[in-house]
Amino acid sequence: MSHQRSLALEYAKEHKTRFLDELIEFSKIPSVSTDPERNPDIRKAVEWLAEHFEDVGLRNVEIYPTDGHPVIYGDHLDAGPEAPTALIYGHYDVQPAEPLDKWDTPPFEPVVRGENLYARGATDMKGQVTATLNAVEAILRTDALPINVKFIIEGEEEIGSPNLPKFIAENKALLACDFALNPDTGMVAPDLPTITYALRGLAYFELRLWGPDHDLHSGVFGGAVHNPAQVLADLIAGMHDKKGRVTLPGFYDKVRPLIKDERAEIARLPKTKEWYLEATGAPDLWGEEGYSPEERTGGRPTLEINGLFSGFTGEGSKTVLPAYAMAKISCRLVPDQDPVEVHKQLLRYLDENAPPTVKWEIIPMASGPASISDRSSPWAIAYLKAAESSWGVKPAFKREGGSVPVVIFFQKLLGVESVNIGFGLPTDNMHGPNEKLHLPTWYKGTDALIHFFFNLAD
């Protein structure tokens, strides 16, 4: 190990108490992006970052306004044009903390219990942002940074990053880089570092059905008028076959299959059937025949019903035949599916299966393609070696079931791939009550990033 690398690792170890104190301070700020009443806290969070950027040693620190919440930028480019340039992404906004009564301690009063820091945003993703800054600081305080770094931290990830594509498109020269580092995914277990090389896309819809022009007495009209709730139930039931496959016409035509070595890598992951049962409390699992649970959630496309509404849903009984029914439907997509084509497939399914007794419409609400990165890129290999140095085990590659839009933005607008990592764990309750960050994993993550930056220079 080089002397400079050893000094940086020792610095991180000596200052980990301060690093934690700073994360606690950052996590106290209720930077909830979806709540307009929290806009002053959004500003407080981005100003905290600006001050911290400068303390770490970043230059050209600037807060950029957008049509929503601001983006903050900072860089350190002394390594020169021959060294690689990493664009490090993050977000400072957090999810709402409700329901507050489900938290053991107040969500914006961070507390350490055992090996965990409990606070909203601790793992998603203020802990991940500060880990990257701590690694950069550890190197800059002990030596020169061996690569060039640019930071872009946004405040709207939790509401879909609506203004980020425009910012990236208008600032391509500012953000030019060799690759992006996105520490917003996570690890499958505290003893198994993980690189997420594929993320599913999304096609989200609202399906609306109308039958009679007003609610009817179910005794007087039931049996003569087709109930929209029944029609909706029939349509939803028909969207999967008995093997768990989606029945939209052409849905699988462009699905990129999982290859043999990918399936072998996925099989290394500890998320077995028993893990899913314990994590969910479900009595049994379900899904597409011929695939493991982890393959289904990361490497295969899905169609899920996210919400249903129709008729009377209050206490007691009311014998009503509803005039209206609605369902929220999301499709998680894999490479090379197109959300626009999935919309057409859903329309075709409804054309073929909706009866003439109802009227219907489908409303596209959100969409984005899947992404996949090269597992053999120099950036991925550099982190692979870095994580193994920190944890002492070979990291795993995994596909992620969710969507991270920024990865697509960087691919399409900057022409670069992302190294998707992170130190959050499946048990960290991100977006839920009692969100936490496992501190031993967080400290090892900082060390891994130090190794990573030196590996890139090598």
Task: Entirely in the stretch 118-184, the helices (runs of 4 or more DSSP H) that have 2 or more residues that are within 27 Å of Thr17 (Cα to Cα), charged (D, E, K, R) and in contact with a strand residue (DSSP E or B) (Cβ under 7 Å, 6 or more places away or on another chain) - done: none
TODO: Take the stretch 278-292 and flag every residue that is at pLDDT 95 or above, of a type outside the set (Asp, Glu) and surrounded by 11 or more Cβ atoms within 10 Å (Cβ to Cβ).
DONE: Leu285, Gly287, Gly290, Tyr291, Ser292
- [ ] For the stretch 425-439, state whether one or more residues are touching a His at 6+ places or on another chain (Cβ under 8 Å), under 17 Å from Glu10 (Cα atoms) and not acidic (Asp, Glu).
- [x] no
TODO: Might you check whether a residue that is free of Cβ contacts under 8 Å to residues at least 40 places away in the same chain and either assigned by TED's automatic domain parsing to the domain that holds Asp374 or of a type in the set (Val, Ile, Thr) (or both) occurs anywhere in the stretch 216-229?
DONE: yes
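Looking at this structure, is Asn148 in the same structural domain as Pro433 (by TED's automatic domain parsing), of a type in the set (S, T, N, Q) and over 18 Å from the mean Cα position of the chain (by Cα)?
Numbers: in the same structural domain as Pro433 (by TED's automatic domain parsing): yes; of a type in the set (S, T, N, Q): yes; over 18 Å from the mean Cα position of the chain (by Cα): yes.
Spelling it out, Asn148 is indeed in the same structural domain as Pro433 (by TED's automatic domain parsing), of a type in the set (S, T, N, Q) and over 18 Å from the mean Cα position of the chain (by Cα).
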Task: the stretch 12-40: number of residues that are touching a Lys or Arg at 6+ places or on another chain (Cβ under 6 Å) and either among the hydroxyl-bearing types (Ser, Thr, Tyr) or at pLDDT below 95 (or both) - done: 1
TODO: Could you check, for the stretch 334-347, whether at least one of its residues is surrounded by 21 or more Cβ atoms within 10 Å (Cβ to Cβ) and closer than 21 Å to Ala267 by Cα?
DONE: yes
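Residue-wise test of (1) within 15 Å of Val406 (Cα to Cα); (2) within 21 Å of the chain's Cα centre (by Cα).
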{"position": "Leu49", "(1), (2)": "no, no"}
{"position": "Ala79", "(1), (2)": "no, no"}
{"position": "Asp101", "(1), (2)": "no, no"}
{"position": "Lys126", "(1), (2)": "no, yes"}
{"position": "Ile139", "(1), (2)": "no, no"}
{"position": "Pro165", "(1), (2)": "yes, yes"}
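If only one of Glu62, Glu25, Glu115 is of a type in the set (Asp, Glu), surrounded by fewer than 24 Cβ atoms within 10 Å (Cβ to Cβ) and in contact with a Pro (Cβ under 6 Å, 6 or more places away or on another chain), which one is it?
Details: Glu62 fails: in contact with a Pro (Cβ under 6 Å, 6 or more places away or on another chain); Glu25 fails: in contact with a Pro (Cβ under 6 Å, 6 or more places away or on another chain).
Just a single option satisfies the conditions, and that option is Glu115.
Is it the case, given these coordinates, that Ala8 is at pLDDT 95 or above, over 24 Å from the mean Cα position of the chain (by Cα) and surrounded by 19 or more Cβ atoms within 10 Å (Cβ to Cβ)? Reasoning before the result, please.
Details: at pLDDT 95 or above: yes; over 24 Å from the mean Cα position of the chain (by Cα): yes; surrounded by 19 or more Cβ atoms within 10 Å (Cβ to Cβ): yes.
In short, yes.
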Open item on the list: With the structure loaded, tell me whether Leu133 is assigned by TED's automatic domain parsing to the domain that holds Gly80, in contact with a Pro (Cβ under 8 Å, 6 or more places away or on another chain), buried (at least 23 other Cβ atoms within 10 Å of the Cβ) and not acidic (Asp, Glu) or whether it fails that test.
Closed with: no
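The values are calculated or read from the model by the stated rules, or taken from the named source; none is laboratory data. It should be emphasised that the depicted structure is a prediction, and the values quoted were computed from it without experimental measurement. Cβ coordinates were reconstructed from backbone atoms using ideal geometry, including for glycine residues, and neighbour counts include every protein chain displayed.
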